[in-house]
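> The structure under discussion is supplied below as structure tokens; questions concerning it will follow.
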Amino acid sequence: MSRETFLLIAGSYYVITMIIVVIVLILMNKRYRKKLSNEINLLERDKNLIISSSILSELNKVEALVSNVELKKKYKSWQKRFENIRDKEIPKITDEIIELQNDFNERDYNKLKKGLIDAELNINYLKTKADFLLDEIREITLSEERNRETIIKLKADYREIKTIYNNNEKDYEIIKTPLELQFENVDKLFSAFEIAMEKNEYLEVGKIVKAIDDIIGNLKIVIKETKSIVSMGGILIPKRIEEINSIYHKMKLEGYNLDYLNIEYNIEEANKKIQDIFSRLNVLNVVDSIFELKTMLDYFDSLYNDFDKERLTKNLYEEYKRSILLKVSKLEKINNELYRKIDDIKYSYDLTDDEVLVISEIKEEFANIRASYDHVVEMERNKTLAYSRLNKEMEILNNKLTKGEEKLNLALRTLGSLKEDELRARDQLDEIKDILSQAKEKVRSYKLPVTPKNYYVELSEATLAINEMVKELDKRPISIKTLNLRVDTARDLVLKVYNTINETIKTAKMAETAIVYGNRYRVNNKDVDLGLIKAENAFYKGNFKNSLENAINAINIIEPGIHERLLEEYK
């Protein structure tokens, strides 16, 4: 390809690319302008919808209804606000939209975007004002229909209330007078409503409907709750008070302290509250009455549980009273006996003051428990506290006593173990001496040609350890720690002697058996004879292990595996 051709193709591509870019930019600009134009048109439409026929239509309805000064004043105010929106506010927005259109035509997009935002905010604000105005006007124009619907519902509710009252007149005897007066008021208000509607006094009508709604709403609550109020305040609670009073005074005579319940004060306050509730009921005020009466009823019902709790805790208290006295007396006796012997125990077992201090501490703890016990019993006699509180105090003392008992038992086991260690050491002394005697007897019973030197060394060490153990047992006071050390040392050394002589005799027996067994091969094999001679020489020198090895090696020449058979025969 020639250079001219390449340049021509490259130029063509460049031109085509630039054309495409230009077309894309034109399309994008066209689309953007269309979007802005649509936004302007949308603002124009929203502006036109602000002043709809609805407001004017509703104003015309109000004009036809004007029949008094107050409504006439309202009408003029609304008309003035409508004219302000129509003649002043709307033209301002119209000018803003025209300005936006100019900016659009002049392609001043930065200014246009800011103007769109401001115009939208102004239109929304004005629309809100117009909607608010329309709602205010409709309060009047729709009031007749709305109020009629409300009055129909209220009349139905009122008839239902009157029916319930007439069918159960005895249940409402206590509030008959104020209730019938309220019925008369409702009838008058219904009549006033009709008169106001005839005169088109719609502002007054709203107040009348509100008054009727409030009274009937209160009458509903009164009719619904009066029976419960009379039942609880006039029958149930007084009966509960009478029963509680009876139980309270009976338990007081039986010795129960119930002051913490404040029953007399609470009964007095409950009676005052009931009187207040019935006073409010006479003026048809039942706010919170049911709640207050239920609260009182729950309180008096809870007192039965408190009485039962006192009876139960009295029995528990009496049990604690007996069991603690018996237990503390028994433990004090044991501890005092131990305390009297403490000097002898310290001397006998070489104990320090700190090691026996626990006995004094336990003695003091039991003394404190005894004092606290006497104090609680004294409070019971003086009726200072309720049994629930007394029982709690006894429960605390019982827990302390249990811990003191555990502490005392531990001290007894610790001190008792000292005597046990001494007795055990004396028993072990006999066992150790018996083991040593067995070792000596083994040496005498099997006449070894030579007794191993280490036997006499170990025997001497074991004998010395036994003597030290005997000395420790004869000492006063005895140091149990030292005694246990002496016992362990003597036992280990004696067992060492026993194991040494036992192993030596065992090896000697096996060596002797092997030499006797190998004698049958001496004549036929010089190597066997030579090996057995070495074994005999080692045996008489007391080197029994070496003797056994030489004998087995010699016999193994004729009988491979002889070691296992000799071992089996030995067993």
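> Please enumerate the residues belonging to the stretch 278-328 that are without any contact (Cβ under 8 Å) to a residue 12 or more places away in the chain and hydrophobic (A, V, I, L, M, F, W, C).
Matches in the stretch 278-328: V287, F291, L312, L326.
> Still on this structure, please answer the following. Mind telling me which of the residues L485, L464 ends up being within 60 Å of the chain's Cα centre (by Cα), modelled with pLDDT of 75 or more, more than 30 Å from A511 (Cβ to Cβ) and among the aliphatic types (A, V, I, L, M)?
On the way: L464 fails: within 60 Å of the chain's Cα centre (by Cα).
After applying the criteria, what remains is L485.
> Residues that are of a type in the set (A, V, I, L, M) and modelled with pLDDT of 70 or more, at least 1 per element: which helices (runs of 4 or more DSSP H) completely within the stretch 1-100 meet that? Even if it seems obvious, please write down each step before you answer.
On the way: elements: 3-50, 53-65, 69-84.
Fully inside the stretch 1-100 and qualifying: 3-50.
> Filtering the stretch 172-200 down to residues that are touching a Ser or Thr at 6+ places or on another chain (Cβ under 7 Å) and not β-branched (V, I, T), which residue is modelled with the highest pLDDT?
As a first pass, look at the stretch 172-200 and keep what is touching a Ser or Thr at 6+ places or on another chain (Cβ under 7 Å): 172, 175, 199-200.
Going one step further and asking which of them are not β-branched (V, I, T), we end up with 172, 199-200.
Numbers: Y172: 82, K199: 68, N200: 64.
Once the filter is applied, the top-ranked residue is Y172.
For every residue, the table says whether it meets (1) assigned by TED's automatic domain parsing to the domain that holds E184; (2) among the β-branched types (V, I, T).
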| residue | (1), (2) |
| --- | --- |
| I212 | yes, yes |
| I215 | yes, yes |
| K224 | yes, no |
| Y248 | yes, no |
| K272 | yes, no |
| D276 | yes, no |
| D301 | no, no |
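> Please go through the stretch 383-402 and pick out each residue that is free of Cβ contacts under 8 Å to residues at least 40 places away in the same chain and farther than 16 Å from N257 by Cα.
Across the stretch 383-402, the qualifying residues are I396, N399, K400, T402.
> Only one of K188, K227 is part of a helix (DSSP H, G or I), farther than 22 Å from K294 by Cβ and not hydroxyl-bearing (S, T, Y); which?
Working: K227 fails: farther than 22 Å from K294 by Cβ.
After applying the criteria, what remains is K188.
> Check whether at least one residue in the stretch 525-535 is closer than 29 Å to E559 by Cα, in the same structural domain as G561 (by TED's automatic domain parsing) and modelled with pLDDT under 80, and report yes or no. Steps first, answer last, please.
Kept after step one, since they are closer than 29 Å to E559 by Cα, are these residues of the stretch 525-535: 525-535.
Applying the additional criterion that residues be in the same structural domain as G561 (by TED's automatic domain parsing) yields 525-535.
Okay, now just the ones that are also modelled with pLDDT under 80, so 528.
Checked the stretch 525-535: at least one residue is closer than 29 Å to E559 by Cα, in the same structural domain as G561 (by TED's automatic domain parsing) and modelled with pLDDT under 80.
> Among the residues of the stretch 279-312, which ones are among the β-branched types (V, I, T), assigned to a helix (DSSP H, G or I) and surrounded by 16 or more Cβ atoms within 10 Å (Cβ to Cβ)?
Of everything in the stretch 279-312, just one residue is among the β-branched types (V, I, T), assigned to a helix (DSSP H, G or I) and surrounded by 16 or more Cβ atoms within 10 Å (Cβ to Cβ), namely I290.
> Going through the stretch 171-190 one residue at a time, which ones are surrounded by 13 or more Cβ atoms within 10 Å (Cβ to Cβ) and aliphatic (A, V, I, L, M)?
Matches in the stretch 171-190: I174, I175, L179, V186, L189.
> Since L338 meets every condition but one in (1) crowded, with 18+ Cβ neighbours inside 10 Å; (2) of a type outside the set (D, E); (3) not in a helix (DSSP H, G or I), which condition does it not meet?
So the condition that L338 fails would be (3).
> Yes or no: I247 part of a helix (DSSP H, G or I), among the aliphatic types (A, V, I, L, M) and without any contact (Cβ under 8 Å) to a residue 24 or more places away in the chain?
Values: part of a helix (DSSP H, G or I): yes; among the aliphatic types (A, V, I, L, M): yes; without any contact (Cβ under 8 Å) to a residue 24 or more places away in the chain: no.
When the stated conditions are applied, I247 does not pass them.
The values are calculated or read from the model by the stated rules, or taken from the named source; none is laboratory data. Just so it is clear, the structure is predicted and the values come from calculations on it, not from any experiment. Here Cβ is always computed from backbone atoms with ideal geometry, including for glycine, and neighbour counts include all displayed protein chains.
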